[in-house]
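These notes are about the structure you will find just below.
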Amino acid sequence: MTALSIFLAVAIATQTPATPATPDTYVGRWNVIITDATDTFVSGGIQIDKTAAGLSGGLVWRSGSFAPVKSVEVVDGVLKIIRAAGEGKQDVFEARLDGGLLKGQVTYANGRVHRFEGKKAPALPSFKTSAPWKTTKLFDGATLNGWRLRDPKAKNGWAVVNGELAVVEPKGNADLVSEATFQDMQLHLEFNVDPKSNSGVYLRGRYEVQILDNPDAKMALDTHGCGAVYSRLAPKEDAAKPAGEWQTLDIEFIGRQIEVKLNGKTVVKGVVEGITGGALSPWEGEPGPLMLQGDHGRVRFRNIEVKSR
């Protein structure tokens, strides 16, 4: 039995009345934050599903893709999730409910431990209203005013070059975060990605729409292709232009309903079920900034405009 299992068992045993959580209590989507991380990659999303055979699920943790987990079970009220972490290796998540909050820790395959807590993800209904849109221009073509580095201690590899917002030094570069925050929004931006490079634009700081020099036709239609909601929703067609050409993204995001147009073609239309890897914050009910990924290659942006309510 792990140290956390002993702690959770004791905690549950000392509660009066002692009523362990049932598996059904954990079913659903959870927004989770790592409480003892030393960097800015602190967000996670856990999904627990009920099946005829028991429980299954998936998660996204810090960075990377949302993916199914190896196993999910609830024993004596304690949730245990096993995630594969390479051949013969696994990450172990253990948590319990405490007043509606999910509290626990993950023990990684290398023995490192992170503690976390979370709460049920909000529904985020997609209300259509007649309220007018307010336009915010996020890049003035001359300065980085209105933007900050994701990690103020990291290198700034961003610069304004010929009126364009450019990643000039991608290695070790920080993501760029807008000071303005948004909930429901319409985004227009233009980008130009170098060969074999990629980037991304994060809506509300937590949902990445991929920007990529697609390496092949298969990748173009994958959940990691250009225009995809990263690891969540795949493009229905390859509308990307070759690297080195200017391209447009037009996105409407209301509640969880998203429509992505790449170079004038609708490539994604659907429901975003949760955050993507690298999210600045896991709390889906809150407005968030626009965030541009800056450490995956050279890319330039211009004409960045958001309409919001």
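The values are calculated or read from the model by the stated rules, or taken from the named source; none is laboratory data. What you see is a predicted model; the values in this text were computed from it and never measured. All Cβ positions, even for glycine, are placed from backbone atoms using ideal geometry, and neighbour counts span all protein chains on display. The area values use the complete protein model at the heavy-atom level, side chains included, leaving out ligands, DNA and RNA. Shrake-Rupley method; radii C 1.70, N 1.55, O 1.52, S 1.80 Å.
What the table below lists for this structure:
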quantity	calculated
Candidate set from segment 59-108 (those that are assigned to a strand (DSSP E or B) and of a type in the set (Phe, Trp, Tyr)); member that is farthest from the chain's Cα centre (by Cα)	93
Extreme residue, nearest to residue 70 (Cα to Cα), among residues of segment 16-56 that are polar (S, T, N, Q) and part of a strand (DSSP E or B)	56
Test set (1) within 21 Å of residue 38 (Cα to Cα); (2) buried (at least 16 other Cβ atoms within 10 Å of the Cβ); (3) of a type in the set (Val, Ile, Thr) - residue 78 fails condition number	(1)
Residues of segment 289-305 satisfying the condition of being buried (at least 22 other Cβ atoms within 10 Å of the Cβ) and over 15 Å from residue 247 (Cβ atoms)	289, 290, 291, 293, 294
Candidate set: segment 236-268, residues that are in contact (Cβ under 8 Å) with a residue 40 or more places away in the chain and open to solvent by 50 Å² or more (accessible area, probe 1.4 Å); chosen: the one nearest to residue 304 (Cα to Cα)	250
Matching residues in segment 198-214 - criterion: being open to solvent by less than 10 Å² (accessible area, probe 1.4 Å) and either in a loop (DSSP other than H, G, I, E, B) or farther than 20 Å from residue 66 by Cβ (or both)	204, 205, 206
Of all residues in segment 133-149 being touching a residue at least 60 places away in the same chain (Cβ under 8 Å) and among the polar types (S, T, N, Q), the one that is most open to solvent (accessible area, probe 1.4 Å)	135
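Yes/no matrix, rows are residues, columns are (1) surrounded by fewer than 17 Cβ atoms within 10 Å (Cβ to Cβ); (2) in contact (Cβ under 8 Å) with a residue 40 or more places away in the chain; (3) of a type in the set (Phe, Trp, Tyr); (4) closer than 24 Å to residue 37 by Cβ:
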| residue | (1), (2), (3), (4) |
| --- | --- |
| 102 | no, yes, no, yes |
| 105 | no, yes, no, yes |
| 126 | yes, yes, no, no |
| 151 | yes, yes, no, yes |
| 165 | no, yes, no, no |
| 168 | yes, yes, no, no |
